[in-house]
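The values are calculated or read from the model by the stated rules, or taken from the named source; none is laboratory data. Predicted model, so just to flag it, every value in this text is computed and none were measured. Cβ coordinates were reconstructed from backbone atoms using ideal geometry, including for glycine residues, and neighbour counts include every protein chain displayed.
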Amino acid sequence: MKSIHRKIWNLALPYQDKRDDKGHAKTVVSFAIKLLKTEKADPDVVIPAAILHDIGWSRLSKKERFSIFKPEPAETGKTFSGDIEIRKKHQDEGVKIARRILSKTKYNKTLVSEILEIISEHDTRIGFISKNEGVMRDADKLWRFSRTGFLADSRRRNMPHLENLRRLKQKTRMHGFFYSKTAKKIAAEELKKRKKEFKL
């Protein structure tokens, strides 16, 4: 990472990984860097957005932070209405904290606007508004496919590994789940690793 990105990382540390998801921010940034090797997006937007995207969870109660891990209704597959409101709240709080952090680093104001726009709806926006946003959101979703993210999701959802593997495989088949073909390929590779590791 560039020194300016490292400074953002250090300022964001107190707000990171607040949902029994230690390593989330680091993993998302790693996937973002990996995606940037293929996808021609702007690292000066994607990397800060990846670092800062979930810091808003630090402003929510423990009950709110974990309420989104309720099982999905089997008959519909839809999320709970309260889920959307909580996600919006963490996005709004994340924008506030991210703005302060980026201001402290005297980050380029044009880039700040784009970074904050990405954070503002990274969990709730339908479709993608730019390559930068798409790559950052792909990196965030790829966390679930990493070993750390897979174990965290299985634990938080009280879900057997095989069921979680099937759930993630189904996600990759959903139209518009990933922005890039690169992310879809990485997800498939990660699922193969999880299947082998856990003998599923």
message = Among the listed residues Ala152, Ala188, identify the single one that is touching a residue at least 60 places away in the same chain (Cβ under 8 Å) and either farther than 29 Å from Ile129 by Cα or outside any loop (DSSP other than H, G, I, E, B) (or both).
response = Ala152
ask   = Is one or more of the residues making up region 49-56 in contact with an Asp or Glu (Cβ under 6 Å, 6 or more places away or on another chain), part of a helix (DSSP H, G or I) and under 19 Å from Ile97 (Cβ atoms)?
value = yes
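With at pLDDT below 95 and under 20 Å from Ala139 (Cα atoms) as the only criterion, which of Arg6, Arg19 stands out?
Step by step, each of Arg6, Arg19 is checked, and only Arg19 is at pLDDT below 95 and under 20 Å from Ala139 (Cα atoms).
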query = Of the residues that sit in region 155-164 and are over 18 Å from the mean Cα position of the chain (by Cα) and in a helix (DSSP H, G or I), which one is surrounded by the most Cβ atoms within 10 Å (Cβ to Cβ)?
reply = His161
request  = Quickly run through region 168-179 and pick out the residues that are of a type in the set (Gly, Ala, Ser) and in a helix (DSSP H, G or I).
outcome  = none
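Restrict the check to region 111-131 and report whether at least one residue is among the basic types (Lys, Arg) and outside any helix (DSSP H, G or I).
Yes: one or more hits.
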ask   = Yes or no: Thr182 of a type in the set (Ser, Thr, Tyr), in a helix (DSSP H, G or I) and either closer than 27 Å to Arg6 by Cα or touching a residue at least 12 places away in the same chain (Cβ under 8 Å) (or both)?
value = yes
